[in-house]
Amino acid sequence: MSLHHQLALTFLRNIGPVAAKGLLEHFGDASQVFKVSRSKWLKVPGIGEWTLEGADIESALLRAEQEMRFIEDHGIRVLFYTDLDYPKRLKNCIDSPVLLYSRGNMDLNAKHVVSVVGTRLATEYGKELCRQLVEELQQYNVLIVSGLAAGIDTAAHRESVKRGLSTVGVLGHGLERMYPAGNRSLAEKMMENGGLLTEYPSGTTTVPENFPQRNRIVAGMADATVVIEAGIKGGALITAEIANSYNRDVFAFPGRINDTYSEGCNFLVRNNKAALLTCAADLAYSLGWEEGDVIKPKKEQLVLPMDLSDDERLIINIIHQHKAPLAIDDLTIKANMPMSKLAINLLNMEMQGYIRSLPGKTYCIN
């Protein structure tokens with residue numbers, strides 16, 4: 001399939017991602033789109049005279065030639081919709097881009113992919129949450145996706161680079177520029193294990209409407225989107241809404257009710273648009289990541305604290321032997337202990353940091 005024609009397909013006026021995919025499905029590949037007669041175009045659902053007249057096929061082919069030179073000069077990799085390396089999660093989204101430009105060393109079809117988004121005006125609280133999340137996700141070898149904007153995006157990318165996690169920044173402009181300019185050094189570091197991704201060709205300026213469009217890629221190429229600090233309006237909530245429309249999981253860290261940049265997160269949780277998140281274990285459990293997914297050192301023998309009561313020792317041994325998080329209903333049966341008594345012991349052990357409660361009233365060793 002001709003790269004020239006693949007590129008030209010994206011430069012056709014009046015032809016968006018959905019219509020372009022319709023043309024591909026109808027004619028088989030991008031080359032055929034430009035070889036068939038005008039009458040055959042009109043047989044494609046959604047393509048009418050107005051669309052065809054405005055498409056400007058000659059200009060699209062000429063612009064594609066220019067872009068090919070830029071791609072070659074700058075070592076850019078092109079991912080077309082039908083390529084095996086195109087992000088498969090994103091491919092399932094109806095409005096996914098037909099073509100992506102990338103720089104770096106990335107696996108966009110990693111086993112686990114999480115998008116992290118939030119306000120550009122991140123507080124120390126938000127940055128610390130971001131640090132903790134990435135640190136805990138490290139054991140699952142997750143690909144971290146964000147938008148390389150100031151604030152939470154930058155914190156997520158920087159912490160990923162620091163911890164050796166692959167991270168991809170999705171841009172709202174072409175690959176010949178960097179916005180914000182202060183992230184150029186960070187972007188270069190990301191190239192070693194991750195990199196940059198965009199649907200926009202060279203010469204695309206940083207106009208505001210590009211960033212909401214960019215957010216659909218951030219949401220679509222991940223298993224889940226995590227919101228860390230967000231106002232009631234802004235890109236983070238747009239990304240969460242898009243993720244919900246794609247039937248992807250959305251999580252949000254809560255904050256104090258009078259904090260401006262927790263208002264959006266609290267709104268998402270309150271309106272059942274996001275699950276409340278307190279740690280990466282919540283996310284892993286909700287997504288069904290198995291224990292075998294975790295990269296961790298050889299398990300050592302459990303050493304019980306000296307100050308545990310007999311009942312607490314029994315409980316912690318049962319949880320440890322079960323290996324996976326254990327539901328409270330199963331625990332009361334295995335421990336042969338009344339629910340009221342079990343609940344008191346579990347609360348005491350959790351407050352002392354020996355165990356941790358997870359969604360669904362399950363427990364694991366801390």
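Just so you know, all these numbers are worked out from the coordinates, no wet-lab data involved. All values reported here derive from a predicted model rather than from experimental measurement. Note that each Cβ is placed from the backbone with ideal geometry, even for glycine, and that neighbours are counted across all protein chains shown.
What the table below lists for this structure:
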{"quantity": "Calculated from backbone phi, Karplus (6.51, -1.76, 1.60) coupling profile of region 47-63 in Hz, x at Gly/Pro", "calculated": "9, x, 4, 4, 5, 5, 5, x, 5, 6, 4, 4, 5, 4, 5, 5, 5"}
{"quantity": "Backbone HN-Hα couplings from phi across region 225-233 [Karplus 6.51/-1.76/1.60, Hz, Gly and Pro as x]", "calculated": "10, 10, 9, 10, 6, 7, x, 6, 10"}
{"quantity": "Residues whose placed amide H lies under 5 Å from that of V145, excluding near-sequence neighbours", "calculated": "V114, S115, V116, V168"}
{"quantity": "Radius 9 Å from Cβ of S262, net charge of other residues (Lys, Arg +1; Asp, Glu -1)", "calculated": "-2"}
{"quantity": "Average Cα contact separation per residue, the chain, under 8 Å, 6 or more apart, as relative contact order %", "calculated": "12 percent"}
{"quantity": "Mean ellipticity per residue at 222 nm, deg cm²/dmol - from DSSP H runs of n ≥ 4 across the chain, formula -39500 (n - 2.57)", "calculated": "-12500 deg cm²/dmol"}
{"quantity": "Of S37, V113, N141, farthest towards positive along the dipole that unit charges on Lys, Arg, Asp, Glu beta carbons give region 1-156", "calculated": "S37"}
{"quantity": "Mean Cα-pair separation over length for region 56-154, i.e. relative contact order, pairs under 8 Å, 6 or more apart, %", "calculated": "25 percent"}
{"quantity": "Packing-based exposure ordering (other Cβ within 10 Å, fewest first) of I232, I15", "calculated": "I232, I15"}
{"quantity": "Residue order, fewest to most beta carbons within 10 Å, for W50, W289", "calculated": "W50, W289"}
{"quantity": "Inter-probe distance in nm under a simple model that places probes 7 Å from Cα toward Cβ, at R38 and R184", "calculated": "4.7 nm"}
{"quantity": "Calculated P(r) of region 225-264 - Cα pairs past 15 Å, %", "calculated": "36 percent"}
{"quantity": "Peptides 155-161, 330-336, 37-43 ordered by average Cβ neighbours within 10 Å, highest first", "calculated": "155-161, 330-336, 37-43"}
{"quantity": "Mean Cα-pair separation over length for region 1-69, i.e. relative contact order, pairs under 8 Å, 6 or more apart, %", "calculated": "49 percent"}
{"quantity": "Cα-based convex hull, the chain, per residue volume (Å³, whole number)", "calculated": "164 Å³"}
{"quantity": "Per-residue HN-Hα couplings for region 187-198 [Karplus 6.51, -1.76, 1.60; θ = phi - 60°; Hz; x = Gly/Pro]", "calculated": "4, 5, 5, 5, 4, 5, 9, x, x, 10, 9, 7"}
{"quantity": "Rg and Dmax [Cα atoms of region 105-291; Å; Rg one decimal, Dmax integer]", "calculated": "15.0, 46"}
{"quantity": "Exposure proxy ranking, count of Cβ atoms within 10 Å, fewest first, for H26, H173", "calculated": "H26, H173"}
